[in-house]
Amino acid sequence: MSDSLCLAGPRSAIALAGDLALAREAAPLYAAWPRAGPDGSAAAAVPPSGLDLSREGKDWRLSPRGAAVESQSFAQGYEACNGLIGGLIGEYVVQDPGLVSVHAAAALTGAGVLVAVADAFAGKSTLATALAWQDCPLVCDDRVVIVAGPPVQARALGLAAKMRLPLPDDLPPSFREFIGAATLPHWPGIAALALDGRHQCPFGREAPVAAWLLPARDPARTGVDLEPVERAAVVRALAEQTFAPHLPVADLLRRCATLAEAAPCYRLRYAASAEAAGWLADRFGRPA
Amino acid sequence: MSVWTRTPEVVETDVGDDLFLVHPDSEEIVHLDRLAGAVWRALDEPQDSAALLALFGQAFPDQPRERLEADIARCLAVLSDAGLIVAGGDGPPD
């Protein structure tokens, strides 16, 4: 089966082509991403932007068109769907030299966007979802698009947050209810969340970065603390977690330094995500 | 004693007191702590280890010589392993 689907990019459409069964399976994750109309034809994109999807036995192969990124294979199911989302974000940012994507979680507070930069399995999604639960709308739970500016801003793409199941033991009942009410029953072992407009920023919403956070979760500690860290620590984290194949590495490093310069840098020390989210929402305020 | 020389076309980015370097071929990003950054800066002019030790001995007169020697050796190893500096000919530079 061969077909195509065009999504809106910052400069031109992003085409998904090939076997779109994967795009359909992943659709709940990018349901809020606008489709590109005929005027946003992917054919007009220079260079051609999009992903070619194909099966490789039981795996899926994703071949990006828009950047010097190698094709990747993913196991079928959630892993491939999440890989598709990563590929879409990659194709989105490479269209605009002012954009990068950072492996991070972000939520909008009254002061601006808090961006928690961390590798996989650091609890980013739980923290971002907990902030949404605390009425600080989710920007993204995994790969945050950052606009170089000035001002340096985070841009929401309306992507569904994902949490691994079973949920951590330390989540309070009201947070569990919040997650349960938003969960799309789609993949075993994963809660993909369809949050409402009060709890998630819509596609395209931008707001300045209020702080860079380096999460340091320690179940043994008591209370929550924001400890100022040297900017170099955030530059190093950003350099490790930023995806920007359209930028030479030296430019990427300078970009990371500029981003880190744009907002205060903290290490977030906490034991439980729900507690940390409430504390951060009180500290930075909730959006009006 | 070998003279240490910076690899050409390494890109520097200053972040406060820290320094980040990018190797022109490998494109590896290397984060230098303050001492390693100071060694890198000192190698703006090629120098051997003895000259570096003399320089840092003047800058940190309270530090034991053995400690400084070990620290400088560590920094040179970091920079050399990352291909950011190379050991050249014997003797002091011209």
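The values are calculated or read from the model by the stated rules, or taken from the named source; none is laboratory data. This structure is a prediction, so every number in the text was calculated from the model and none was measured. We place every Cβ from the backbone using ideal geometry, glycine too, and count neighbours over all the protein chains shown. All accessible areas refer to the heavy atoms of the entire protein, side chains included, with ligands and DNA or RNA removed. Shrake-Rupley method; radii C 1.70, N 1.55, O 1.52, S 1.80 Å.
Summary of computed values
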{"read-out": "A:PRO248 being surrounded by fewer than 16 Cβ atoms within 10 Å (Cβ to Cβ) and in contact (Cβ under 8 Å) with a residue 12 or more places away in the chain", "value": "no"}
{"read-out": "Conditions (1) in contact with a Phe, Trp or Tyr (Cβ under 9 Å, 6 or more places away or on another chain); (2) of a type outside the set (A, V, I, L, M); (3) under 20 Å from A:THR109 (Cβ atoms); number of the one not met by A:HIS186", "value": "(3)"}
{"read-out": "Count of the stretch A:215-242 residues which are within 14 Å of another protein chain (Cβ to nearest Cβ) and either under 30 Å from B:SER26 (Cα atoms) or among the hydrophobic types (A, V, I, L, M, F, W, C) (or both)", "value": "14"}
{"read-out": "Residue that is nearest to the other protein chains (Cβ to nearest Cβ), among those in the stretch A:243-263 that are over 13 Å from A:VAL115 (Cβ atoms) and in contact with a Lys or Arg (Cβ under 9 Å, 6 or more places away or on another chain)", "value": "A:ALA257"}
{"read-out": "Failed item, numbered, when A:LEU171 is tested on (1) under 19 Å from the mean Cα position of the chain (by Cα); (2) farther than 19 Å from A:VAL100 by Cα; (3) among the aliphatic types (A, V, I, L, M)", "value": "(1)"}
{"read-out": "Residues (charged (D, E, K, R) and open to solvent by less than 30 Å² (accessible area, probe 1.4 Å)) located in the stretch A:115-139", "value": "A:LYS124"}
{"read-out": "Residue list for the stretch A:264-288, filter: open to solvent by less than 20 Å² (accessible area, probe 1.4 Å) and within 14 Å of another protein chain (Cβ to nearest Cβ)", "value": "A:CYS265"}
{"read-out": "Answer residue from the stretch A:179-228, given it is at positive phi and at pLDDT below 95 and is least open to solvent (accessible area, probe 1.4 Å) among those", "value": "A:GLY223"}
{"read-out": "Single unsatisfied condition, A:ASP96 versus (1) in a loop (DSSP other than H, G, I, E, B); (2) at pLDDT below 95; (3) under 13 Å from the mean Cα position of the chain (by Cα)", "value": "(3)"}
{"read-out": "Check on A:LEU108, modelled with pLDDT of 95 or more and part of a helix (DSSP H, G or I)", "value": "no"}
{"read-out": "Residue in the stretch A:187-199 that is closer than 22 Å to A:PRO264 by Cα, more than 14 Å from every other protein chain (Cβ to nearest Cβ) and small (Gly, Ala, Ser) present", "value": "no"}
{"read-out": "Residue match in the stretch A:116-131 (condition: touching a Lys or Arg at 6+ places or on another chain (Cβ under 6 Å) and charged (D, E, K, R))", "value": "no"}
{"read-out": "Pick from the stretch A:229-245, criterion more than 19 Å from A:VAL94 (Cα to Cα) and free of Cβ contacts under 8 Å to residues at least 60 places away in the same chain, ranking: surrounded by the most Cβ atoms within 10 Å (Cβ to Cβ)", "value": "A:VAL235"}
